[in-house]
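Notes for the one structure printed next.
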Amino acid sequence: MKIIKFFLLCLIAVIFNCMTLQRLYAQDVEDQALADSLINELPKTKSDTDQVKLLSNISKVLTLFNPDQALNYANKAMDLAKRANWTKGIGLAYMNKATIYVTLTDYAAGLENASKAYEIFKSLNLKPAMAGALTEMANSYSRLGDYPKAIEYNFDALGIYEEAGMDRDVANISNNIGNAYYWLYDYPKAIENYKRALELHKRNNDKLEVASALDNIALVYLEQGELKKANDYNLQAIKLFEEINSAPELAVTYALRGGIMQRLKEFDIAFEFYNKAIAINKKFDIKGNLATNYQGIGELYLSVAKNDAVKSVPASFKISKAALLQKARFYFAQALGLSKQTNEPSLMIEETAFLSETEAVSGNDKAALKWHKDSDIYKDSVYNDENKRKIAALENQRLAEVKDKEIQLLNKDKALQASEIKRQTLIKNIIIATAVVAAIFAFFLTRSFIRRRKVIFDKQVLQTEMKALRAQMNPHFIFNSLHSINKYIMENDKVNASEYLAKFAKLMRLVLENSREQEVPLEDDLAALELYMQLESLRFENRFQYSIEIDPGIDRENTLIPPLLLQPFAENAIVHGIKDKENGLIKIKIRAADSDTLRCIVEDNGSGREAPPIANENNRKRKSLGIKIMQERLNIINQLKKAKATVNIFDLKDAENKPRGLRIELLLPLQLAF
């Protein structure tokens, strides 16, 4: 059922972003009074440090209900702290500005200020403050949709809180990590972190947070289709929320119960809990939640009108089909009106789609078409913004990863230089020593030589990995892919544009993730290769076919190979082999040569190594460079594993001894994970 999936996406956002704001809504008047009293204390405060603290506290109080004014006080605190040369005060001001910018949805500015606060707190060794800054950075990454980065910074903060024994903060960070894993569809890890947060909240006897954690777990189980577990955890959450009389949160968990009962086809119970949620949301005037509640009830009526199999329905549903459709139409219209008030395009897409379906079931084709067009309009507005955001975020992430690699290489160079200076000093001291010291000198010289060779080898490995990564994500391929996406967008081909963009984003993520490891499971490397071949096939308008065959006896998940080895050969087969050929064919085969060797084959039916008359010199140089990088990687593998990894190239001929393609065989040592 369409609405269930939509609720799963909406409710987690409500739990992740809205529950705290709803909880604090009733305190706005009280907070304004507190802010006024603190402002009145400013003229009475004499020392600069006390004034900075007071300005920071005023900024914190104002953040939720008047962020613009809060930013003004945060800037005043910053100016005063700088004039007083109070480093900690500057860090506090940066932290306040980070929180304010996140409230204003300027997540890039929030990230920048949180990063500056972290560097200051780190220089002062203020560990809890460092953890707070890391948490704020993680929040910004999460709002920007970069969930892997959010997880990374949350784990850094988690380590500090665990070391300090701050259980309440450990619980909150665990919940944040669970949210990030949820959005990455890693449900087992999401549940693992939610359950950890649950146990810590129980230990602290924080019933409100315990109930929230229970509802988070219920939501993930519902997403996985484990309805019994979802039902059990949801009932526990409802019991606690009712016990502490936490109304706004109770409305959210009532709505979740409605969704669970709807999935179980218990429409009478679903109807009851949707109405309970509506009563609370009306009382607190929470329009966004009201829209989803009305939408849920609308689909109940629509499902019964369509004669969907249900176990039970409310007595009020025992009416004619026309009356059921009229009820559905009414609730969908109510939901759409509220969504327009709160400017929620994602909700409006669903509601207009349901109105279109309702009219179609009613036989009103003209009205159904009208609502369908409205839904497409909302989709276009969301799609365009999301499309630009995804491409920008993808490119930013790629640049950040490459920059991280460059920084690591620079640090290794500095370490090598420092080691060399130390060695030279040691040599000078040993030269003037006795014969006994000369023997010691020989010992240290030998050990230093071995260490230096290792550092040089490590540097060579890192440089080769960076070359392979740049070759994998060459600007030409990225430009062509983005050009293809833009072409589909300009042609209003939303389906192909969305499909191409999703595959392109997933390929970039897999390449970056796999490039961090010396070896990855064969399954992961083939997943990236499959995406690359799909993208190139789409870009070349399916002018070639490809196949990937793996021996049944090879355990894909247990077999390890160096990442990004096969893609350059596949790229050469496309660009230099079958680019201008109709009905091109590329075969990729993984075989077990023997018990210790893996044979990887890339074969095409192109023109072989005979260059065409108008061959592009840049392409030949690039091809040679790719083979050179590959040979360097194989040399490193041979040194590390004491093996003999090789690459062999065979020209294929037909019966008349004419070129009919190229076959590349890559022999690798067979490595198992366990």
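List of remarks:
- The stretch between Thr597 and Leu208 holds 134.3 nm of extra length on full extension. This uses 0.36 nm per residue minus the Cα-Cα distance.
- Approximate spin-label separation Tyr185-Asp580, in nm, with each point projected 7 Å along Cα-to-Cβ: 4.1
- Extension gain, Gln341-Glu541: 0.36 nm per intervening residue step, less the Cα-Cα distance, totals 67.6 nm.
- Efficiency of FRET from Cβ geometry, Glu632 and Ile554, R₀ 25 Å, rounded to 0.05: 0.40
- If you wrap segment 238-289 in the convex hull of its Cα atoms and look at it from every side, the mean projected area works out to 3.3 nm².
- Environment charge at Ala291 (Cβ cut-off 11 Å; Lys +1, Arg +1, Asp -1, Glu -1): -1
- Here, segment 235-370 yields an orientationally averaged convex hull projection of 8.3 nm² when only Cα atoms define the hull.
- Added length on full extension, which subtracts the Cα-Cα distance from 0.36 nm per residue, Ile39 to Leu672: 221.3 nm
- Gyration tensor (alpha-carbon) shape descriptor, segment 97-159, a/c threshold 1.5: oblate
- Normalised radius of gyration (Cα atoms, divided by 2.2 N^0.38 Å) for segment 627-674: 1.56.
- Ranked by the mean number of other Cβ atoms within 10 Å of their residues, highest first, the peptides 162-169, 355-362 fall in the order 355-362, 162-169.
- Computing FRET efficiency as 1/(1 + (r/R0)^6) for Lys494 and Asp232, where r is the C-beta to C-beta distance and R0 is 56 Å, gives about 0.90.
- Cα centroid separation - segment 558-601 against segment 288-360, whole Å: 52
- 13 Å Cα-Cα reach of Lys229 towards aspartates and glutamates, excluding residues that sit fewer than 8 places from it in its own chain: Asp215
- In terms of its Cα atoms, segment 552-608 spans 38, 20, 17 Å along the principal axes, sorted from long to short.
- Computed accessible area, Phe330, all protein chains, 1.4 angstrom probe, square angstrom: 100
- Note on Leu426 and Glu517: their simple-model spin labels are 3.6 nm apart, each label 7 Å out from Cα toward Cβ.
- Note on Thr87 and Asn486: with the Förster distance fixed at 41 Å, the Cβ-Cβ geometry gives a FRET efficiency of about 0.30.
- Chymotrypsin sites (Phe, Trp or Tyr not before Pro) lying in DSSP loop within segment 184-255, provided at most 10 other Cβ fall within 10 Å: Tyr185
- In the complete set of protein chains, residue-level accessible area for Tyr294 is approximately 20 Å², probe 1.4 angstrom.
- For His576, solvent-accessible area (1.4 Å; no DNA, RNA or ligand), Å²: 50
The values are calculated or read from the model by the stated rules, or taken from the named source; none is laboratory data. Note that this is a predicted model, so its numbers are computed, not measured. Neighbour counts run over all protein chains shown; Cβ positions are idealised from the backbone, glycine included. Remember, those area values only see protein heavy atoms, side chains included, never the ligands or the DNA or RNA. Shrake-Rupley method; radii C 1.70, N 1.55, O 1.52, S 1.80 Å.
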